[in-house]
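Please treat every number below as a calculation from the coordinates, not as lab data. Source: prediction; values computed, not measured. Cβ sites come from the backbone with ideal geometry, for glycine too, and all protein chains shown count toward neighbours.
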Amino acid sequence: METARLPLQLSRFFLLTLGSLLCLSSHLLAEDTPDEVFALAKGHYIAGDWQSAAEHFKSFLINTPEHPRLDDAAFYLAESYHQLQQYERANQIYQIFLEEASGHTSTKRALFRLCETYYFLENFKQAERTLHRFEIEYPADPLLGKLWLLQGFHELDRQAWSSAEDYFSRTLATFPETPLAIKARFGLAEYHQQVKQKPKAIEVYQAILAEGTVAEQAEARFLLGKLQLDLQQFDSALESLETFVQSNPKAPQVPEAHRLIAWIYLKEQRYQEAEALLEQQSITAENEQEVRFGLAECALHSLGWAEAQTHLEALSKQESVSPKVRREIFANLERVFYEQQNWPALLSQIERSSQDLPLEKFSSERISRALTAAKLLEKWDLAHQFATTLLASKTTLNDPSEITLLKGKALFELGKYPEALATLNGLETENPRQSLERDLLIALTWQSQAKLDQAAEVFFRWEQRILNDPEILQENAFMAGKLLLFCSRHYANQGRIAEAECLLERVAKLLETIKEPEDRASLTAAHRWEENRLLALQNRFLEVWKRLDQQASLDDSSPLREQLLLAERAFDANQYTWCERFANRIYQRAEAEDLELRRDALGWLVRASFALEDWERTSELLADYFQYPSDTEELAEFWLMEAQTFEQMKKTPAALHRYMMTLDYYPHHPIYGEALARLAHLLDTLEENEESARLYRELLEDYDQHLELGAKLDSKDRYLYQAAWVELECMNREQAITWFRELSANYPNSPHIQEARYSLAKTAYQAQKLEEAVHLTQVLLSHPLSDELHQNGLYLDGLLQIQLKDWEAAAYSFDQLNQRFPLNPWQITVRYWLGRSLLNAQANEEALEAWSALSLETELSRAAKTTAEEKLLQLAQFGMIELQLKLRRAEEAEQSAGAWIATYPESTRLAQVYYLKAQAYIQQQAWSDARESLALALEKSEKSETWRASAQKQLADMFFQQGALEMAKEEYLKVGHFQPSEALLWEAKIEAGKCAYHLGHPTAARSLWQEVTEKAPPHHRQAAVAQGLLRCTGWERLGLQPSTADRK
């Protein structure tokens, strides 16, 4: 490129800016001159080695800042970056170049490139400003047309249709004879397509075909073919696309053209040609949907179901597929599964399809396929749904009676018996087979509702018609035989064995008339099965076993699945060993692939082993059972059995873990209630009372709901009783009372009712609600009771009566307890309180008799174990001594007191017993012994004991009676040392005064008596006695005789 000399050299700013953009070290070698470097860089530029050109131009600019060709180097560097698509760098250098080299011959090109890079960088505001500048500076230059095209396509992208059309039209008008005109036409064609003016777009493409270059014509023909296909002009589109492929076999659009041609072939049902084209395609992310859909349609036409499935399933996983196309894919997948008879996959696909489109909008053909699959798989809930949808649709059905019959059967199998009867009774058909099947279902529905009379009426009506109408037998022998078998089963269930056997014989004869091999084989198997079932109902399991062996040897045995019912029947008859044998036979003979049958047989083996309480074997069988795939709901029963097995094997942690897993996984399953009850009981035995109580509360609060779900629970009263005791262990008395009261109120005939009453009475007693406790105890004792509960009730009643001080009632209860249960666990306590109650009731002799059983010589006394019993023994024996004294049995009292003193020498009551012994001596007038005992009583007593003053006075009285007046006086005066009552103190002082008077000390005597008169109240007896003594002694001092009143 030749350059003119700039009027000014490039500024230092230009070089610095370029340096900041380059950010690379110099590549200029020491031996190279600047001109050589420039020439080398330009050589790379001309050769199209843009990367090398850029490197050398950068080195040149950095290392020769004063060279006259700096402006050329800067422009070539920007152009190199542009070719390398490094538009950001190119854009910046173009800007600097235009600022610093405005007079350069490449200025126009640089301004064009600057505008172009703005478009490529999507900086459209700057692009438009630069375009406007270019329009002003170079209004007729062809480069402006290129920029108008760029702006036009930008306007299309942002859907500014009129602006886009304006730019394309201006380009075409301004530069009509240039290549820009063709590109403008391409833009106008795209504009017409966007604004739905597709015929005009076709006209534009045809104009390009007339005027464009070969390449432009090829592109126009390809786009024309796509547009014609979009307009469903299939012949024209096929012609355009085939011409394009023939003329341009190596064009990059050829694969897409082939796909479009294949699509037209599919529309024209030219499947082999379409498949041939599509198989040439390399599947990519861009074309996968189109190619796979085409191949799937070809496979569907050629019945290549597996290949169609592969493509359709791949398409169904793509998120970019439109809803409409996805629905078509799903419908085709359903057809594939139907043709393959892959019924589970078909139902699964129907469920998937219905998430995208409501079932009501499916075609009747699709729903009919689904109904067939549901029927064959015995998915009766789905069968009912599909049949209902079909019958509700407005399309014409081939055989609505058959669909209605299927709906009725589905309702029957679902246990919706009233709805099934309504559907079947509303079915009117002239088809004998459908009539037979309808009435058979009606009879079975009645039978399932335990309305045997209605079922029998239908059965027997048809029985007579079948047996008396040869035409029915001839035309519908299979269905007639089937109904007779059900009649036989009905007779068998009623215990009418002979009649059942008679019908089975008739079916055996009927088998000979059935011509269809499949029907005859089916009915033969059903007949054989009913014979085996009839024997099983009679518990003739050995005969059934032999028949099965015989049938197996003839390869003529009933299906293993049916034989499972024999295991079930044996289990229901409590013949667990036979159940185990039947189940084991099935398990051993089942195919290894038939996992469901092997699992079900193993399930009955588990149940039988569990019922036989063979815990080790049950545990092993359960481990095997859990290896088979099972529905989560089916596992519930076996999880619970495993927990119970672990519990029986004393594997408590494992049992707890399994119980808790059962509760976590099955909160709404019937098994939940039973697991809850068993876990609560296990925790109770482990003394985990708080958690056990919580579980019992949950069980009882939702007990009725558990029963509604089908839980196998004991009567609620049992759980109320257990829960109450656990609550008592937790000290939750209020909750325990609540449970006991509910048990007492709602279950009067419960075996636990009396224990509940006793517990309520005991709880009321502990809460000091004595009247309530007495009422409950008396109600309890009015009913027949176990020995343990009876003696507990009598004992509690006695304690209650003591609290209420009803001594006679207390004595009665304790006496009854002693008489009926002489070996009761509270013998000492009962005897003590019996004696105390009799004593308080003034029955002294009876009280003494009761306590005599607790005397020290008795065996019962020696059997005392606890401190409390020892204490009661002492109290009883002490009371017995008091009673003996009260009844004037002094000698017995003396002996009892002596024995007591010898047995309890360290007792705190020792002094009192010495005192009682002294009383016994006094009654016997053994004064010396009495005085000795009293002295010991005083010696052994504590200062705080109030009886000591009385003992001291008694001791003084004995000295007085024996004439030892001096000693008597001293002892009388000691009475005051023992904190006596005022009356006793005054009496002792009076007696001391008498002793002093007789000893010849009248002054001392009168002093003592005077003290009494001064301190004792005037009305008190001792005050009157003291005053009388003072007057008597006063008269005597005067030599006079006292009056009679004073003597008294």
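Overview of results
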read-out	value
Part-to-part distance (alpha-carbon centres) for region 230-271 and region 473-545, which is given in Å	67 Å
Formal net charge of residues neighbouring Arg931 (Cβ-Cβ distance under 12 Å; K, R +1; D, E -1)	-3
Helix 107-120 vs. the chain, principal-axis angle (Cα, 0 to 90°, nearest 10)	40 degrees
Positive-end extreme of charge dipole, the chain - chosen from Leu504, His775, Ile514 (charges on Cβ)	His775
Contact order normalised by residue count of the chain, Cα under 8 Å, 6+ apart, percent	2 percent
Net lengthening on full extension, Gln269/Arg506 (0.36 nm per residue, minus Cα-Cα)	79.5 nm
C-alpha center-to-center spacing [region 762-831, region 614-686] in angstrom	44 Å
Residue-by-residue Karplus 3J(HN,Hα) for region 246-254, coefficients 6.51, -1.76, 1.60, Hz, glycine and proline x	5, 7, 9, x, 9, 5, x, 7, 4
FRET efficiency, Gln246 to Gln588 (Cβ-Cβ, R0 60 Å, nearest 0.05)	0.25
Longest to shortest principal axis, alpha-carbon extents of region 562-630, angstrom	31, 27, 17
Degrees separating the helix 615-625 axis from the principal Cα axis of the chain, which is the longest one	20 degrees
Residue order, fewest to most surrounding Cβ atoms within 10 angstrom, among Trp529, Trp725, Trp927, Trp986	Trp927, Trp529, Trp725, Trp986
Shape category assigned to the chain from the gyration tensor of Cα positions, a/c cut at 1.5	oblate
Calculated FRET value between Glu99 and Thr178, using beta carbons and R₀ = 30 Å, to 0.05	0.45
Helix-derived mean residue ellipticity, 222 nm - over the chain, DSSP H n ≥ 4, -39500 (n - 2.57), to 500	-24000 deg cm²/dmol
At R0 = 30 Å, FRET efficiency that the Cβ-Cβ distance of Arg694 and Ala654 yields, to 0.05	0.90
Crossing angle, helix 305-316 versus the chain [Cα axis fit, 0-90 degrees, rounded to tens]	80 degrees
Cut-off 10 Å between beta-carbons: net charge of the residues surrounding Lys183, Lys and Arg +1, Asp and Glu -1	+1
From phi via Karplus (6.51, -1.76, 1.60), per-residue ³J(HN,Hα) for region 364-371 in Hz, x at Gly/Pro	4, 5, 5, 5, 4, 4, 4, 4
Percent RCO, i.e. relative contact order, over region 562-630, from Cα pairs under 8 Å lying at least 6 residues apart	28 percent
Charged-residue dipole, Cβ positions (Lys, Arg, Asp, Glu), the chain about Cα centre, Debye nearest 20	3740 debye
Greater than 30 Å apart at Cα, pairs in Lys42/Lys125; Lys125/Lys183; Lys805/Lys871; Lys871/Lys917	Lys42/Lys125
Ranked Leu834, Leu231, criterion: other C-beta atoms within 10 Å, fewest first	Leu231, Leu834
Inter-centroid distance (Cα atoms) of region 96-171 relative to region 410-442, Å	81 Å
Cα gyration tensor category, rounded, prolate or oblate, for region 631-751 with a/c compared to 1.5	oblate
Residue-by-residue Karplus 3J(HN,Hα) for region 175-185, coefficients 6.51, -1.76, 1.60, Hz, glycine and proline x	10, x, 9, 10, x, 4, 4, 5, 5, 5, 5
Charge sum, other residues only, whose C-beta stays under 14 Å from Phe960's C-beta, Lys/Arg counted +1 and Asp/Glu -1	0
